[in-house]
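Engineer: Please find one structure pasted underneath; my questions will follow.
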Amino acid sequence: FCVQVIERNADPETMLLTFIRRKLGLTGTKLGCSEGGCGACTVMMSKFDPHSNRIIHQAINACLAPLCSLHHCAITTVEGIGSVGSKLHPVQERIAKAHGSQCGFCTPGLVMSMYTLLRKRPQPSMQDIEDAFQGNLCRCTGYRPIMEGFRTFTKCFLLCHNQLLTTFSEDSADSVQPLFDPEEFLPLDPTQDIIFPPELMTLSKEPVVSLRFRGERVLWVQPSSLTELLELKAAYPEARLVVGNTEVGIEMKFKNQLYPVILSPTNVQELRNIQFTENGMECGAAVTLAELGEVLREEVEKLPNYRTEIFQAVLEQLRWFAGRQIRNVAAVGGNIMTASPISDLNPVFMAAGCKLTLVSKEGKRVVKMDEKFFTGYRKTILRSEEILLSIEIPYTKKGQYFSAFKQSPRREDDIATVTCGMNVVFGEGSNTVQDIKLSYGGMAPVTLLATDTCRQLIGRQWGEDLMEDACSLLAEEMSLSPSAPGGMVAYRRTLTISLFFKFFLTVQRKLAQEVRVQKQSDYESATELFHQDPPTGAQIYQAVPPGQSADDVVGRPMMHLSALKQATGEAVYCDDIPHYENELYLALVTSTKAHAHIISIETAEAMAVPGVVAFISAKDIPGSNKTGPVVSDETVFADNKVTCVGHIIGAVVADTQAHAQRAAKAVKISYEELQPVIVSIQVAAVIHDLDWILGEIHIGGQEHFYLETNCALAVPRGEDGEMELLVSTQAATKTQTAAAKALGVPASHVVCRVKRMGGGFGGKESRSTILCCLLKCKSLCFSQSFSEPHHAQIRNYSVRKMNLYQQGGITPFNQSLEQFTIDRCWDECITISDFSQRRARVELYNKQHRWTKRGLSIIPTKFGISFTATFLNQAGALVHIYTDGSVLITHGGTEMGQGLHTKMIQIASRTLEIPTSKIHISETSTNTVPNTSPTAASASSDLNGMAIYNACQTLLQRLKPYKTSKPKGNWEDWVTAAYFDRVNLSANGFYRTPDLGYSFETNSGRPFNYFTYGVTASEVEIDCLTGSHKNLHTSIVMDVGKSLNPALDIGQVEGAFMQGVGLFTLEELRYSPQGYLYTRGPGMYKIPAFGDIPTQLKVSLLRDAPNERAIFSSKAVGEPPLFLAASIFYAIKDAISAARAESGLSGPFRLDSPATPERIRNACQDKFTKLCPPPEAGTYTPWDMRV
C-alpha cells in the first residue's frame, strides 16, 4: 500500500525514523544505535531524477535522514512490502524460512537492504549481496543463514545450492534432509513491487523551488540555485552544508553540537554535476559516494589501465567506506570538508594532487589539495563564506603508479587506524623516481604529506636501497607522541612503513612487467588486494527416526515461530508498544567522573527546555535507593558520591524523547574529585600493595551489544501502588522485585511482562532492572565466557588428544564425568575438517609466502550446565486448555531470540500429542508464573521444558478417562467432554533439577547437572604487514544430545561462535586513565560483520548421543559454543609463529586476547617493527588503558 504524507511543519531536528515510528506508527523499522552503524533502521528511499530520467532506489539509515531532506521522495518500510496476514515478500519469507532471524531486531533492516538491492538488480551476485550488507549488523545468527537464504536470489544458485544447503546424516542415505527447502519459496516477481508514485514523478519534473523549515532551535533552508546558496552562506557564514547528515547528525546527537542554520544544497545542480575533461573527472561536491563509485567504475572499464590508477585507488577506498546506506547519501564534498584526520579519501585526493574549486558570493578560486589545505584539526583554508563547489580527480599517465590503503580493526564499515594514498611517477621507460607523494591519515590532527621523505627519494632508482631508506625516513618523519589520541602508537607508526612496503612491492611488480626489474615471487601475496570467496557451509544433524509422526516436531528443523512476524516488522518489541495517553519519556543524567563527591546539581537550564516535566534523583525514590541483582550493593541513583563514569545521578522526564535527552545534557553537576581512580587490576594492585601470583593472562571484556538497547515502559495502575512494567529483560522476577523495592510496595503489586527481547546475551539479566520502572537506558555491562583449552599450545595433536578427559574422569571440583563424548567430537572434527591434509597445506603455503601466513588450531570445550546458585535451578509453567481445543502456555523463561518459546511449544506438542498450530505462547509475566529464574546459564530449555512437560502430564491424566471412553474421538471432543464434566483444564507445572549442590568449603557435591561438549578446528590467514586476518575455515562438532530443534541449535552454535570470534579477535573495551569508555556504540566498538564469517563453515551436531538428564534427551546449547572461537585465536597465534620464524624468532611469545590487528602486527616482529619501538612504560600517560 502507498500513503501520501504531507508534513507542513517539519522540524529540522526530526529524523525520518522518529517520524515514521512516532507519528505514522510504523514501528517495523527499528531504533538501534541511532548513528547509522547497525542498519536496524534501514528503509528504501526512492526518487525521480529528471536529469537522468530514471527512478533511483537507495537503502538509507532512517535514524540519520532528516525529515526535511525527503521532499518529493517515496519511503518504503518493511511493512510496505508484505505482511503475515496478507502476502509475504520473497525476501521476508526466505530470511525467515532459512532460519536467518533469531531475536529479529535486525531483521527488518536486513530485509530492506536486500529488497532495495533486488529493486536495482533482480538477479544479484553474491558480491552484490555482501556489499549491500556492509552497513547491517546481527549479533544472534552468526550471519551464515542470512546469506544462505538470500543466496537463493543469485544467478548461480541453481548450479551450487545442492552443495551449499544440503544437510545430511551419517546414519542412512535415506535420512538426507535440508534445513529448509528452496523449492517452497515464493518466486521473485518484480511486477508485484510497489510502483513509484506518479504524482511524485510529475512534481519532480516541475521547476525547483526553495524550501525553508524552522524548528524549535534550527532553521533548514534548501536553496534552488547556486546564487541563492552563496547568498545564504554570506548571510549565515557559520551555517553548515548538509547532504547526507552522516557527520552533522552524529555531532548534534552525541557531541552536543548545535547548528542554528543548516543549508541543504542537494537541489543545486552545479554541485551535482559530473563531467570529464582532458585532465580527469570533475565531480560536484554534493555528488554522493555511491554515485562517484558508479561513474568511476564505468570509466575504469572503458579506459586503459594506466589512465585510471587514481580512479582504481578511490574505488578501493570506497569499497570499505562505511556501509552502503551511508555511501548512498554521504557526499564527496562532505568527506573533504569534514577534514577528519582519519578520512579514507583525503589522503588519496592529497597524494593525487586533486584540485578543488571554491566559490563564494565574491567569486571563484581553484586550490590544490596539498599539505597546506588542512590548517588544523577539522579545519581547512576555506573562508567562512566559501563553499566547495567541485573536485577534479586527475587521470594518470604511463610511468605513474598509484595505490591507496586503509587499515582498520574491522574491514567492513570501520574507521581507519591508518589510511594512505601513494603516488609515484617515473621517467619514461625507467625506474628513476621523477616525483612521489606519500599522504597519510591517522598520524596527526590533519592529513599529512611525508614531504621530507618524498624529497629525498626523488631522482633515485626504485629498488631495495630506496625502500630501506624510505622506511627509515618514514619512521623518523611519521612520529607520534606516546600519548597521542587513538593510542596504538607503535602500531600506527609501523603501519606507515608497512603500507609503503606494500606500495613498493606493488610498483616493483608493475615495473617488472614494463621495464624488467627483478621481483621476489614469495612477496607476491603482500601486493594482493583483499579478496575473500563467498562463504559456504554444511550443517550436519541427526534425522528423526523412521516412523515418527509428522505432527511430532521434536527433532525437526522447525522455523522460529516469530520469524515471519520479525521479517515483516509485525513482531512487537518493548519500544513498539502503542503510545499511552500522556506518556512521558525519561533520559538519564550520568557522571562524567570516575570517583567524586557530588557538590551540586543545577537543573534550571534543563527545566527550561520545552516539555520537561521533572528532574528526579535519589531523594525522589519512594522506597529504597539500594538495588542489585543478588546483593543490594548498587544504587538506583548516585547519592552524594559517584564511583564510575556513567554512574546514574538523576533523570529528566519530558513529553518527548528529544526534549528529555536535550534537557539531560543541560543538567550541570559540580564535583569534588577523589583519589584514587582505579581503572584496572594493575592499578588496584599497586594502590593496595597486593601480592602477585607468578604469571598472568589477559582476556579482554566484551559488550553484549544487543541491537535493542535496554527498554522499559511503566504503567501506573492508579490504586494500591500497583505498577505494570513492560520490559526487555531476561529476569522478570528480578525486575519485579527491584521495582517493588524502589517503589516501596510489595512485589505482589508489581507485574512484569516480557513479550520478547531484541537480544540479551546475559546483559539484560541484571542491567535492565536498575531503572526498569522508569524508562530507557543503555547498558555498559561486561561479559566474559571462558573455559580451559587443554594444552592449547602443544602442536602434536595426538598428544593433546591423550591429555583430554576420559569417561569417569574427575574434574577439579570433584565431579565425575558421565556420558562423556569429547573424544567422539574430537575424532569427527579431525575428519570433517580434513585436519591432517589441511596442516600439510598450511605448511606448504607458509613456505611459499613471506608476508602472509596461515595457521591452524583445534580446540575442545567442556561447559557445565546449571546455575551454580543451586536455588535458581527451578522453573514453573502454567498451561491452559480452552474449550475450542487451543492451548495457551506461560512459563518462566523469556524469548530473546534463541527460540525458547518455539522449543517449549514443540515439547508441549509432543507431550499433548497435538499439532503446534493449536498451541500459543503470548508472553512471560510474573502474575502467571511467579518467582522465575532468569533466562540464563543456558539452562532455560531444560528447566522450563520439564515444567511444561509436568503440567501437560497433569492435564493428560485429567483427560485420560475421556480418551479411553472415546478412543476414536479427537482432541476437541475430549476437551469438550472434560469441560462439560467440570474438569479443571488448567494446570501448573514445576521442576527442580535433582541431585544438585556443591560445597566450596569441602570441594564436594554436584555443581552441574551435566556437561555440553564440543570441538572446533579453524584455519586463518594473517597479513604480517598489517595484522589483518581472514577466517578461512571452521569445522564445529557439538554434542547437544538429541536436538529438540536442529535448525535452532545450529543457529545457536553459529551465533555463539561468531560472538566468540568477536571476543577473541575484534571486540575491545578501551578506557581512558580517568575511567571514560571510548568504545561506545558501533562507531567505535566493532562486533563481527558479514565479512568475518569463515569462508568455509561446517557445523555438525553429534549423532547418537542422548542425554538422560534433560528433557527428551536434549542438551543445552546457548553459551557453550562461544569458547570454541578460541580456535581462531590459536590459529592466529600459529600463523604468527610461522611469521616470527621468518625473522629468526622462536620460542614462546605473548599474545593477549583479543588478537586485534595491532597485536598481530606487533607480534610479527621484523625489520619494520624494529624501526618503531614502543614507548617505554611509565614515561608517559597513555591515551587508553588495558582493563
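The values are calculated or read from the model by the stated rules, or taken from the named source; none is laboratory data. From a predicted model like this one, the values you see are computed outputs, not experimental measurements. Ideal geometry is used to build each Cβ from the backbone, glycine not excepted, and the neighbour counts take in all protein chains shown. These accessible areas exclude ligands, DNA and RNA; they are computed on the full protein's heavy atoms, side chains included. Shrake-Rupley method; radii C 1.70, N 1.55, O 1.52, S 1.80 Å.
Engineer: Separation of segment 1049-1102 and segment 893-917 by C-alpha centroid, Å?
Structural biologist: Measuring centre to centre over Cα atoms gives 29 Å.
Engineer: Continuing with the same structure: To two decimal places, what compactness ratio does segment 1-102 give when its Cα radius of gyration is scaled by 2.2 N^0.38 Å?
Structural biologist: In units of the 2.2 N^0.38 Å rule of thumb, it is 1.15.
Engineer: What does a probe at ALA604 reach in segment 655-678, counting residues whose amide N is under 18 Å from the point 7 Å along Cα→Cβ?
Structural biologist: The answer is 663-671, whose backbone nitrogens lie closer than 18 Å to the label point.
Engineer: Short version: ³J(HN,Hα) in whole Hz for each residue of segment 1153-1167, in order, from phi by Karplus 6.51 cos²θ - 1.76 cosθ + 1.60 (θ = phi - 60°), x for Gly and Pro, what are they?
Structural biologist: 9, x, 7, 6, x, 4, 5, 5, 5, 5, 6, 7, 5, 7, 5
Engineer: For segment 895-1025, what are Rg and Dmax over the alpha carbons, in angstrom?
Structural biologist: Reported Rg and Dmax, both Å: 21.2, 79.
Engineer: State whether segment 326-414 is rounded, prolate or oblate according to the following rule on the C-alpha gyration tensor (a ≥ b ≥ c being the square roots of its eigenvalues): a/c under 1.5 gives rounded; otherwise a/b larger than b/c gives prolate, and the remaining case gives oblate.
Structural biologist: Numbers: a/c = 1.88, a/b = 1.28, b/c = 1.46.
Oblate, since a/c reaches 1.5 and b/c is not below a/b.
Engineer: Take peptides 1126-1132, 215-221 and line them up by average Cβ neighbours within 10 Å, highest first, as a rough protection proxy. Intermediate values should be presented prior to the final figure.
Structural biologist: Working: 1126-1132: 27.9, 215-221: 17.3.
Result, highest mean first: 1126-1132, 215-221.
Engineer: So what's the back-of-envelope 222 nm ellipticity for the chain, counting only DSSP H runs of four-plus at -39500 (n - 2.57) apiece and dividing by all residues, rounded to 500?
Structural biologist: Only helices count here, giving -8500 deg cm²/dmol.
Engineer: Sticking with this structure for a sec: Please list, ordered by chain and number, the residues whose modelled amide H lies under 5 Å from the amide H of LEU389; skip anything fewer than 5 residues away on the same chain.
Structural biologist: Correct list: THR357, LEU358, VAL359.
Engineer: A further question follows. Carbon and sulfur atoms: what percent of the 1.4 Å accessible area of the chain do they account for?
Structural biologist: 51 percent
Engineer: Can you tell me the accessible area per residue over the chain, all protein chains present, probe 1.4 angstrom, in square angstrom?
Structural biologist: Spelled out: the 1.4 Å probe surface of the chain, per residue, equals 40 Å².
Engineer: Describe numerically, in nm with one decimal, the distance between label points set 7 Å from Cα along Cα→Cβ at SER1143 and at ASN931.
Structural biologist: If labels sit at SER1143 and ASN931, their model points lie 6.1 nm apart.
Engineer: A further question follows. Quick check for you: which residues of segment 1164-1187 have the amide N under 13 Å from the point 7 Å beyond the Cα of SER472 toward its beta carbon?
Structural biologist: The answer is 1171.
Engineer: Which of the GluC sites (Glu not before Pro) found in segment 1-97 are in a DSSP loop and have at most 16 neighbouring Cβ atoms, other than their own, within 10 Å?
Structural biologist: Hits after loop and neighbour filter: GLU7.
Engineer: What is segment 1103-1187 by shape, rounded, prolate or oblate, if you read a ≥ b ≥ c off the alpha carbon gyration tensor as root eigenvalues and call it rounded for a/c under 1.5, prolate for a/b larger than b/c, and oblate otherwise?
Structural biologist: oblate
Engineer: Using the 2.2 N^0.38 Å rule of thumb for compact globular proteins, work out how the chain stacks up: its C-alpha Rg over that value, please.
Structural biologist: Taking the Cα Rg and dividing by 2.2 N^0.38 Å, one obtains 0.95.
Engineer: Please list, in order along segment 21-35, the HN-Hα scalar couplings obtained from phi with the Karplus expression 6.51 cos²θ - 1.76 cosθ + 1.60 (θ = phi - 60°), rounded to whole Hz, x for Gly and Pro.
Structural biologist: Once rounded to whole Hz, the list reads 7, 8, 8, 8, x, 8, 9, x, 6, 9, 9, x, 8, 6, 10.
Engineer: Report, by chain and number, residues whose modeled amide H sits under 5 Å from the one on SER1028, excluding near sequence neighbours (fewer than 5 apart, same chain).
Structural biologist: Hits under the 5 Å cutoff: ASP1023.
Engineer: Between ASP551 and SER798, what is the label-to-label distance in nm when each label sits 7 Å out along the Cα-to-Cβ direction?
Structural biologist: 5.6 nm
Engineer: Would you kindly state how much longer the chain becomes between GLN819 and GLN4 on full extension, computed as 0.36 nm times their sequence separation minus their alpha carbon distance, in nm to one decimal?
Structural biologist: Between GLN819 and GLN4, full extension yields 287.0 nm more.
Engineer: Residues of segment 291-317 with amide nitrogen under 18 Å from the 7 Å Cα-to-Cβ point of LYS397?
Structural biologist: So the set is 304-311.
Engineer: Further question on the same structure: Multiply the residue separation of MET1084 and ILE55 by 0.36 nm, subtract the distance between their alpha-carbon atoms, and state the gained length in nm to one decimal. Kindly include the intermediate steps, with their values, before the conclusion.
Structural biologist: Details: separation 1029, 0.36 × 1029 = 370.44 nm, distance 3.52 nm.
Here the segment from MET1084 to ILE55 would lengthen by 366.9 nm.
Engineer: With axes computed from alpha carbons, what is the tilt in degrees of helix 489-514 against the longest principal axis of the chain, rounded to the nearest 10 within 0 to 90?
Structural biologist: 60 degrees
Engineer: Moving on to the next point. Mind ordering 181-188, 625-632, 891-898 by average Cβ neighbours within 10 Å, highest first? The partial results should precede the final answer.
Structural biologist: Working: 181-188: 12.2, 625-632: 15.0, 891-898: 29.2.
The densest-packed peptide leads the list: 891-898, 625-632, 181-188.
Engineer: May I ask for the angle, rounded to the nearest 10°, between helix 289-302 and the longest principal axis of the chain, with both axes built from Cα atoms and the value confined to 0 to 90°?
Structural biologist: On a 0 to 90 degree scale, this one is about 60.
Engineer: Going highest first, how would you order 1039-1050, 241-252 by mean Cβ packing within 10 Å?
Structural biologist: Answer by packing, highest mean first, reads 1039-1050, 241-252.
Engineer: Compute the semi-axes of the equivalent ellipsoid of segment 271-319, taking the square root of 5 times each eigenvalue of the Cα gyration tensor, and list them largest first in whole Å. Don't skip to the end; give the middle numbers.
Structural biologist: Details: eigenvalues 58, 36, 13 Å².
Listed largest to smallest, the semi-axes of segment 271-319 are 17, 13, 8 Å.
Engineer: Considering just Cα atoms, how many Å³ per residue does the convex hull of segment 176-215 enclose? List each step's numbers first, then the result.
Structural biologist: Working: hull volume 6.3 nm³, N = 40.
Value for segment 176-215: 158 Å³ per residue.
Engineer: While we're on this one: In terms of the Cα gyration tensor, with a ≥ b ≥ c the square roots of its eigenvalues, is segment 406-544 rounded because a/c is under 1.5, prolate because a/b exceeds b/c, or oblate?
Structural biologist: Cα axes put segment 406-544 in the oblate bin.
Engineer: Could you list which residues have their amide H under 5 Å from that of TYR671, counting only those 5 or more apart in sequence or on another chain, with H placed in the peptide plane?
Structural biologist: Counting only residues 5 or more places away or on other chains, the set is ILE599.
Engineer: Moving on to the next point. Along segment 452-460, what does the Karplus equation 6.51 cos²θ - 1.76 cosθ + 1.60 (θ = phi - 60°) give for ³J(HN,Hα), rounded to whole Hz, x for Gly and Pro?
Structural biologist: 5, 4, 4, 4, 7, 9, 5, x, 9
Engineer: Which entries in the list LYS918/LYS966; LYS23/LYS755; LYS255/LYS437; LYS355/LYS502 go over 31 Å, if you measure between the two C-alpha atoms of each? Write out the running numbers ahead of the final one.
Structural biologist: On the way: LYS918/LYS966 21 Å; LYS23/LYS755 23 Å; LYS255/LYS437 35 Å; LYS355/LYS502 27 Å.
As for pairs spanning more than 31 Å Cα to Cα, those are LYS255/LYS437.
Engineer: If each residue of separation counts as 0.36 nm, what is the full-extension length gain between LEU219 and SER483 once their alpha-carbon separation is subtracted?
Structural biologist: On the way: separation 264, 0.36 × 264 = 95.04 nm, distance 4.01 nm.
That pair, LEU219 and SER483, stretches by 91.0 nm at full extension.
Engineer: Also: Note the angle between two axes, namely the Cα long axis of helix 309-319 and the longest principal axis of the Cα atoms of the chain, as a number of degrees from 0 to 90, rounded to the nearest 10.
Structural biologist: With rounding to tens, the tilt is 20 degrees.
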